[in-house]
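K.L.:
There's a structure below that I have some questions on.
All of the numbers you see were taken from the coordinates with simple rules; none came from a lab. Remember, predicted model here, so these are calculated numbers, not experimental data. Don't worry about glycine lacking a Cβ; one is built from the backbone with ideal geometry, like all the others, and counts go over all protein chains shown.
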Amino acid sequence: MSKETVYIALRDRMIINTNVLLTIKDLGQVFCNNKAIEDYIGDIEIYKSPAEENWDYIDADYIINKAVGYNPSVDINMIGATEVLLEIKSREKERKIFQFIKVTFILIVLFFGSGIAIINFHEDVNMTQSLEKIYYSFTGVKKTRPLIMTIPYSIGLGVGIIGFFNRVVSSSHRRKKEPGPMELESYLYDRDMDQYILDDLKKKDDKT
């Protein structure tokens, strides 16, 4: 008797609530020519989340053993990710006022922090003197803080920052969907953090 082939495409990461029972189809997509077997394998209970917030993971080998244990007549092929990282969180009440205060505080810190960083940079390189020398080179007149140089420079600095950190000002629909530098850095940070947590969980399992 030939075995039915079942394909399981796992997710990389999931955020779940505490005290939740997960099935295989919750962890990814299940494919099989036989719809009955596809539903049967997908409904196999695979994981019960703890009552407290934590991190955990489920690897492909565990899922294969579970599925074959329930039905030895299937051939399981895993595609995609080899582990699913689980972020287990309790449900939090939505606090709009607290969220507003937190966002406002972060914006104020970023605004003044970036302002101080720009000021310190210009002081270190003595930008005022540089602009005066450029003005003298073009006009032959020595002038302290020439507004014709400092005002366009200040405007250009702001426009340059806005243009660099977002893609809103663009006629191209494709360009508007491209991530900015901050979005890319946030994505890389989240990915590296997930990988570190996953590796740390594996090390703890190896020690036990």
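K.L.:
In terms of modelled amide H atoms, which long-range or inter-chain residues lie less than 5 Å from the amide H of D12?
P.N.:
Placed amide hydrogens put nothing under 5 Å from D12.
K.L.:
If you don't mind, another one. If Lys and Arg each add +1 and Asp and Glu each add -1, what is the summed charge of the other residues whose beta carbon sits under 14 Å from the beta carbon of D192?
P.N.:
Surrounding charge for D192 is -4.
K.L.:
Among the listed pairs K25/K96; K35/K66; K3/K25, which have their C-alpha atoms separated by more than 30 angstrom in this model? If you can, show how the numbers build up before the last one.
P.N.:
Details: K25/K96 34 Å; K35/K66 19 Å; K3/K25 20 Å.
Pairs exceeding 30 Å: K25/K96.
K.L.:
In percent, what relative contact order does segment 127-207 have, based on Cα pairs under 8 Å that are 6 or more apart in sequence?
P.N.:
So the answer I get is 15 percent.
K.L.:
Moving on. Please work out whether segment 66-144 counts as rounded, prolate or oblate from its C-alpha gyration tensor, where a ≥ b ≥ c are the square roots of the eigenvalues and a/c under 1.5 means rounded, while otherwise a/b larger than b/c means prolate and anything else oblate?
P.N.:
Values: a/c = 7.18, a/b = 2.46, b/c = 2.92.
Oblate, because a/c is 1.5 or more while a/b does not exceed b/c.
K.L.:
For every helix of n ≥ 4 consecutive DSSP H residues, a contribution of -39,500 (n - 2.57) applies; sum these over the chain, divide by its total residues, and give [θ] at 222 nm rounded to the nearest 500 deg cm²/dmol.
P.N.:
Rounded to the nearest 500, it is -18500 deg cm²/dmol.
K.L.:
Could you estimate the translational diffusion coefficient of the chain from the Stokes-Einstein equation, with Rh from the Kirkwood formula over C-alpha pairs, at 25 °C and 0.890 mPa s, in whole µm²/s? Provide the component values of the computation, followed by the final result.
P.N.:
Working: Rh = 22.9 Å.
My calculation gives 107 µm²/s for D.
K.L.:
Can you find, among F111, I155, W55, the residue farthest towards the positive end of the dipole of the chain? Put +1 on the C-beta of Lys and Arg, -1 on that of Asp and Glu.
P.N.:
I155
K.L.:
Report, to the nearest 10°, how far helix 60-70 tilts away from the longest principal axis of the Cα atoms in the chain, using its own Cα long axis and a range of 0 to 90°.
P.N.:
20
K.L.:
Percent antiparallel among DSSP beta bridges with both residues in the chain, to the nearest 5? Please list the in-between numbers first.
P.N.:
Working: 13 of 25 bridges.
If we restrict to bridges inside the chain, about 50 percent are antiparallel.
K.L.:
Based on C-alpha coordinates, I'd like the Rg and Dmax of segment 1-98, in Å.
P.N.:
For segment 1-98, the Cα-based Rg and Dmax read 15.5, 63 Å.
K.L.:
Can you tell me the convex hull volume per residue for segment 127-207, based on C-alpha atoms, in Å³ to the nearest whole number?
P.N.:
Value for segment 127-207: 150 Å³ per residue.
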